[in-house]
Amino acid sequence: MQKNQSFSNDNKATLYVLATPIGNLTEISDRLKETISLVDAIFCEDTRVSSKILNHLGIKKSLYSAYENKENEAAKQIISFLKNNQSVALMSDAGYPGISDPGNKIIQQVIENNYPIVVINGPCALIQSVVASGMDTSHFYFYGFLDPRSAKRKKELQSLVSFENTIVFYQSPHKLLETLQDMLEVLGDRKICLCRELTKKFEEYIRGTISEIIEISDTLKGEMVIVVEGNKTKEVEIDKTLIELIDIKIKQGLTKNEAIKEVAKAYNVSKNELYNFYHKGE
Ligand code: SAM
């Protein structure tokens, strides 16, 4: 067991994990500024991006690189600072380190070496989006980025088909149309909220069905998050409609078993029951 009090008086060197603005620099808190001033070194995803925040604050500090492929090396450097009783800050380009950004490996290694972690809170695209979406937030699931390749992406979406809670995806603008088309095919025409350019001048929330947003997808640029409503289909009765869907999928090239499996998953019904019903009608 390990117990670290964040604000004890023993002045143990600490790794401060800083959440930084996702667009709007006025979201920098006094606490963030104070922490940047007090640490001995700052490790960042991209020193050019982080130097803009330091310039904005008028603070001069040594910046060290901790980009994704350099995390293990950066962790070693950070631990040697901590061993010398020097505190360190870790920041990514935007939002929280470790949330679809480098940082997680560093945090794990610092914990293994028994140094305290203190998080300085700030903006996060995930939380802002799920709150503003208006979808059910009693339970939600953060998926992060889907795979950029369509086949792999559809498999990932398939694993989420029957999930009943809200799902949040980070999304690159270049792949928006492809992703929405795969979502429509695999998840059905669900309600989504596309959250764009958060905290910036052109911030907007577009709420509609996947097919409605596909219609305007070529006009949507910038950074974006997609919040998808969970599966709300009530218990579906196994009837002729599902059999027709299976036949359509067979015509599209799936084998009988593949088609039955896909329809069972999409409509949350037992594969065996659907199989037996299908064969009764043959
Ligand atoms: N660490 C960040 C966080 O805590 O939110 C996420 C970094 S991840 C590399 C970048 C993705 O976050 C973008 O592709 C987008 O999905 C989302 N994102 C970041 N800033 C955003 C913004 N201002 N508006 C909308 N989405 C944003």
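Readers should treat all values here as calculations from the given coordinates under stated rules, not as data from a laboratory. Because the structure is predicted, anything quoted here is derived from the model rather than measured. Every residue, glycine among them, receives a Cβ derived from its backbone with ideal geometry; neighbour counts consider all protein chains shown.
Listed values, structure above:
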| item | result |
| --- | --- |
| DSSP beta bridge pairing in region 140-269, given as percent antiparallel to the nearest 5 | 75 |
| Computed label-point distance, nm, for sites E237 and E178 using a 7 Å Cα→Cβ extension | 4.2 |
| Length released on extending from E73 to N165, taking residue separation times 0.36 nm less the Cα-Cα span | 29.3 nm |
| The chain - percent relative contact order, Cα under 8 Å, separation 6 or more | 17 |
| Sorted largest first, extent of region 240-280 alpha carbons per principal axis (Å) | 22, 20, 17 |
| Packing-based exposure ordering (other Cβ within 10 Å, fewest first) of F81, F7 | F7, F81 |
| Percent breakdown of C-alpha pair distances by 10 Å bin, ordered from the shortest bin, for region 150-265 | 12, 41, 30, 13, 3, 0 |
| Centroid-to-centroid separation of region 255-274 and region 25-47 [C-alpha atoms, Å] | 52 |
| Antiparallel bridge percentage (DSSP; both residues within the chain; nearest 5) | 45 |
| Normalised contact order of region 86-171, rounded percent, pairs of Cα under 8 Å and 6 or more residues apart | 25 |
| Loop-located chymotrypsin sites (Phe, Trp or Tyr not before Pro) in region 188-282, at most 12 other Cβ atoms within 10 Å (DSSP) | F202 |
| T26, T20, T199 arranged by Cβ crowding within 10 Å, fewest neighbours leading | T26, T199, T20 |
| C-alpha long axis of helix 240-251 to longest principal axis of the chain, angle in ° | 80 |
| Unit charges at the beta carbon, dipole of region 126-228: most positive-side option, Q181, L194, I127 | I127 |
| Relative contact order of region 198-277, pairs being alpha-carbon contacts under 8 Å that are 6 or more residues apart, as % | 23 |
| 0 to 90° range, to nearest 10: angle between helix 47-57 axis and the chain longest Cα axis | 60 |
| Calculated FRET value between N113 and K60, using beta carbons and R₀ = 22 Å, to 0.05 | 0.20 |
| Cα-based Rg / Dmax (Å) for region 150-216 | 12.2, 37 |
| Cα pair distances exceeding 14 angstrom across region 209-260, given as percent | 71 |
| Region 23-95: translational diffusion in µm²/s, Stokes-Einstein, Kirkwood Rh over Cα pairs, 4 °C, 1.567 mPa s | 103 |
| Residue order, fewest to most beta carbons within 10 Å, for M135, M1 | M1, M135 |
| Hull-based mean projected area of the chain, where the convex hull spans the alpha carbons, in square nanometres | 18.6 |
| Separation of alpha-carbon centers, region 75-114 and region 208-234, rounded to whole Å | 35 |
| Highest average packing first - 87-94, 65-72, 105-112, Cβ atoms within 10 Å | 87-94, 105-112, 65-72 |
| Charged-residue dipole, Cβ positions (Lys, Arg, Asp, Glu), the chain about Cα centre, Debye nearest 20 | 580 |
| Assigned charges on the beta-carbon of Lys, Arg, Asp, Glu; region 6-123 dipole about Cα centre (debye) | 280 |
